[in-house]
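Undergrad: Structure incoming, see below.
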Amino acid sequence: MSVTYLDAIRSAQEKALRDDPRVFIYGQDVGRFGGAFKATKNLAEKFPGRVMDSPISEDAMVGMAVGAAMEGMRPIVEMQFADFSTVGLNQMLNHAATTFWRTGKPCPMVLRLPSGGTPGSGPFHSQSMEAIYSHYPGIVVMTPATVEDAYTMLLEAIELPDPVVFCEHKLLYYHLKSEALPESAVPAFRARVVRAGRDITCVTYSAMVHEAVAAAEELAEEGYEVEVVDLRTVKPLDTDTVLASVARTGRLLAVGESWPWGGASAEVVARVASEGFELLDAPPKRLNAKDTPIPYHPNLWAAHRPTAVRIAAGLREVLRY
Amino acid sequence: MAIRVAGALESKPKKGVVDPIESLGRTILRARVLEDKLGNLYRAGRIVGGVYLGKGQEALSGAGGLALRKGDIFAPLIRDMAGRLGFGEPMVDALRAYLGSRLGPMKGRDGNIHRGDLTRGILPMISHLGAMLSTVAGVLVAKRMKGEKGRVGLTCAGDGATSTGSFHEGLNLAAVERLPLVVVVADNGYAYSTSRDRQFACEDLVDRAKGYGVEGHGVDGTDPMACWRVLHHAVERAREGAGPQLVVGKLLRLCGHGEHDDGSYVEKKMKSSERGRDCLKVMEEGMKKRGQEKEWQGWREEAQREVEEAVAKVSAEPVPDPFEEDWRATQSAGMAEVMVAS
């Protein structure tokens, strides 16, 4: 029996609903319909009254979760697409994120964002929002890349006393598979070395981890050993694991699927440049999507986002220096 | 539809029953005396940040706070000193927020009207208007899930806040869930300097209740006993399961948006209209008619003593210290990232 990335997300929610009476799910079409991507399939039937359809009101959905969290519940809000969470940004950035700081009382809630590009999805169903949420203090931002992380990190997110933005990648939903649900987890907030190497470090997260691994395999044929680091959680950022890897390799390429202005890959380069300058044998480089809205046609989309081919080219460029 | 309780002030209260006149009278006097003091402290340069007063809105606000019970939820907006005092917020907490004491519920991390105390059921507002509707709705959903019965949430808004998407989304959500939420709109004529005819095109905001599928109540916000009656009725309707209640009080803000603003844009005809009446003067007149002038004066003097004592107490309290602040925005273990740039 195999488990997909989406199964892992559904199973984690089911486990949380079973184990913790404070957990409930709120979102558009998440009830009997089971959600646009079926991440809540059968949960409404199994947990009556705890998997609730919301109106199309992203601002109020997040606001409702803030209130419920203040009252001791552990709400999970599903945004139908990460892109639509812009409508709920105010409640997340100004309310959920400031509550602990302002009041000393926790605001434990999870905002699930079906994120990232898929062919044919276009400008409003493809976005990666981690940069915006990470910029604001008071929020944990998770970007799982594997079936195992999708499961264990979502359970972690639900248990944390803080608001968590859980960026789950739509491209991985159905295609990424594992043998079974994991029985252990990588420690919270730690990055993971996916593939060890001595020549260059490629730091990335979410679906780009798989592109980076493919690029590393391509470079292995050319005799280069690429170390791939999966950040797993972009906020807080595990600077220690990144610096330790750069200390081994002396070179860095940071990759993100989101836009190039700022964001997680920029933060990685900034930290390595300022805290690990003397570890570097070459200028660190970044690779992101192009600075345009995300295109609709698969031909354009494939050229817009970083791919294994572009990552391999980026790695070679840093290696040649 | 303005509900008036003409003559209510002329009748004597029955023995053993809470006297609404004393309860509301004392509350609105405490709010007014405290706010007059805050204005003076602002002009004396003693206040950290801005001062936003609720002069003219005390009756509507205070009646809302007094209609609630312990265990209910109150989410005030910026002109709800009377509601806060009526619901039981200690006067010193208001002064701590304004004078910057570290002993206040926000410890100097936030101040003035953004104060709240979740342990008392007072939600600290964020500045983004309309945001508290869905938040109170969330608290009420949580209470329902926990099986806590008979709780009501009340939140306040102005006519300006009704223009936000948040207000609409929040009230609609509460109506769909049929929550015991009371939304009190102080239609005070102006949102900062923008008059209501630039804010919305409907004749009366209470007419919107039908569109949301909630019960609506209009009230003359300058008439204290009408406010008392309507707010108690609305809160009881919510408590008995009749779903959200929209209360719209017509009145005028008798001060600027904040103390930095002289409100010179308020039209004369608004000031001289029925809206422009001062609810405290209306109450004082009624007390005179009942021959209770001395009691009113006594309540005022008590309020003045309470305010002076609270100011003296809070003035001697320590201020926040950046070296003792832990500078952490999250509670999660291991989350203390050292941000080099800072």
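The values are calculated or read from the model by the stated rules, or taken from the named source; none is laboratory data. Predicted model only: the values in this text are computed from it and were never measured. Reconstructed Cβ throughout: ideal geometry from the backbone, glycine too, with neighbour counts over all protein chains shown. For accessibility, only protein heavy atoms count, side chains too; no ligands or nucleic acids. Shrake-Rupley method; radii C 1.70, N 1.55, O 1.52, S 1.80 Å.
Undergrad: Output the number of residues of the stretch B:127-136 satisfying the condition of being within 10 Å of residue B:75 (Cβ to Cβ) and within 7 Å of chain A (Cβ to nearest Cβ).
TA: 3
Undergrad: Which ones in the stretch B:66-120 are charged (D, E, K, R) and more than 12 Å from every other protein chain (Cβ to nearest Cβ)?
TA: Across the stretch B:66-120, the qualifying residues are B:69, B:70, B:72, B:79, B:80, B:84, B:89, B:93, B:96, B:102.
Undergrad: Here's something else I'd like to know. Filter the stretch A:118-134 for residues that are of a type in the set (Val, Ile, Thr) and either in contact (Cβ under 8 Å) with a residue 60 or more places away in the chain or open to solvent by less than 40 Å² (accessible area, probe 1.4 Å) (or both) and give the result.
TA: Scanning the stretch A:118-134 gives a single hit, A:118.
Undergrad: If we keep just the residues of the stretch A:138-177 that are assigned to a loop (DSSP other than H, G, I, E, B) and open to solvent by 10 Å² or more (accessible area, probe 1.4 Å), which is farthest from residue A:108 (Cα to Cα)?
TA: The selected residue is A:175.
Undergrad: Starting from residues that are at positive phi and touching a residue at least 24 places away in the same chain (Cβ under 8 Å), keep the ones in the stretch A:32-41 and report whichever is most open to solvent (accessible area, probe 1.4 Å).
TA: Here the answer is A:38.
Undergrad: OK, next. Collect the residues in the stretch B:143-166 that are buried (at least 23 other Cβ atoms within 10 Å of the Cβ) and in a helix (DSSP H, G or I), keeping them in residue-number order.
TA: The answer is B:143, B:161, B:162, B:166.
Undergrad: Another question about this same structure. Could you please find all residues in the stretch A:105-124 being more than 14 Å from chain B (Cβ to nearest Cβ) and either touching a Gly at 6+ places or on another chain (Cβ under 7 Å) or assigned to a strand (DSSP E or B) (or both)? It would help to see each step written out before you state the result.
TA: To start, the set of residues in the stretch A:105-124 that are more than 14 Å from chain B (Cβ to nearest Cβ) comprises A:112-124.
Of everything in the stretch A:105-124, those that are more than 14 Å from chain B (Cβ to nearest Cβ) and either touching a Gly at 6+ places or on another chain (Cβ under 7 Å) or assigned to a strand (DSSP E or B) (or both) turn out to be A:112, A:113, A:114, A:115.
Undergrad: Mind listing just one residue for me: the one in the stretch A:44-66 that is more than 10 Å from chain B (Cβ to nearest Cβ) and either under 19 Å from residue A:113 (Cβ atoms) or touching a strand residue (DSSP E or B) at 6+ places or on another chain (Cβ under 6 Å) (or both) and, of those, surrounded by the most Cβ atoms within 10 Å (Cβ to Cβ)?
TA: A:51
Undergrad: Right, next: Among the residues of the stretch B:176-195, write down those that are within 14 Å of chain A (Cβ to nearest Cβ) and either in a strand (DSSP E or B) or open to solvent by 20 Å² or more (accessible area, probe 1.4 Å) (or both).
TA: Selection gives B:176, B:177, B:178, B:180, B:181, B:183.
Undergrad: If residue A:203 satisfies every condition in (1) open to solvent by less than 10 Å² (accessible area, probe 1.4 Å); (2) farther than 26 Å from residue A:270 by Cβ but one, which is the exception?
TA: For residue A:203, the failing item is (2).
Undergrad: Next question, about the same structure. For the stretch B:199-311, give me every one of the helices (runs of 4 or more DSSP H) that falls completely inside it and has 3 or more residues that are open to solvent by less than 10 Å² (accessible area, probe 1.4 Å). Outline the logic, then answer.
TA: Working: elements: B:208-212, B:224-239, B:268-271, B:279-289.
By residue number, B:224-239, B:279-289.
Undergrad: Follow-up question, since we're still on this one. Report yes if some residue within the stretch B:233-246 is in contact with a Gly (Cβ under 7 Å, 6 or more places away or on another chain) and closer than 26 Å to residue B:34 by Cβ; otherwise report no.
TA: Scanning the stretch B:233-246, I find no residue that is in contact with a Gly (Cβ under 7 Å, 6 or more places away or on another chain) and closer than 26 Å to residue B:34 by Cβ, so the answer is no.
Undergrad: Residues in the stretch A:11-20: is at least one open to solvent by less than 40 Å² (accessible area, probe 1.4 Å), touching a residue at least 60 places away in the same chain (Cβ under 8 Å) and assigned to a loop (DSSP other than H, G, I, E, B)?
TA: Among the residues of the stretch A:11-20, at least one is open to solvent by less than 40 Å² (accessible area, probe 1.4 Å), touching a residue at least 60 places away in the same chain (Cβ under 8 Å) and assigned to a loop (DSSP other than H, G, I, E, B), which makes the answer yes.
Undergrad: Could you say which residue among B:78, B:47 is at pLDDT 95 or above, assigned to a loop (DSSP other than H, G, I, E, B), surrounded by fewer than 24 Cβ atoms within 10 Å (Cβ to Cβ) and among the β-branched types (Val, Ile, Thr)?
TA: Unique residue meeting the criteria: B:78.
Undergrad: Can you tell me which residue is farthest from the other protein chains (Cβ to nearest Cβ) among those in the stretch B:151-169 that are out of contact with any Asp or Glu (no Cβ under 8 Å at 6 or more places or on another chain) and of a type outside the set (S, T, N, Q)?
TA: B:160
Undergrad: How many residues does the stretch A:67-92 contain that are of a type in the set (A, V, I, L, M), at the interface with chain B (Cβ under 10 Å from one of its Cβ atoms), part of a helix (DSSP H, G or I) and open to solvent by less than 30 Å² (accessible area, probe 1.4 Å)?
TA: Here the count works out to 2.
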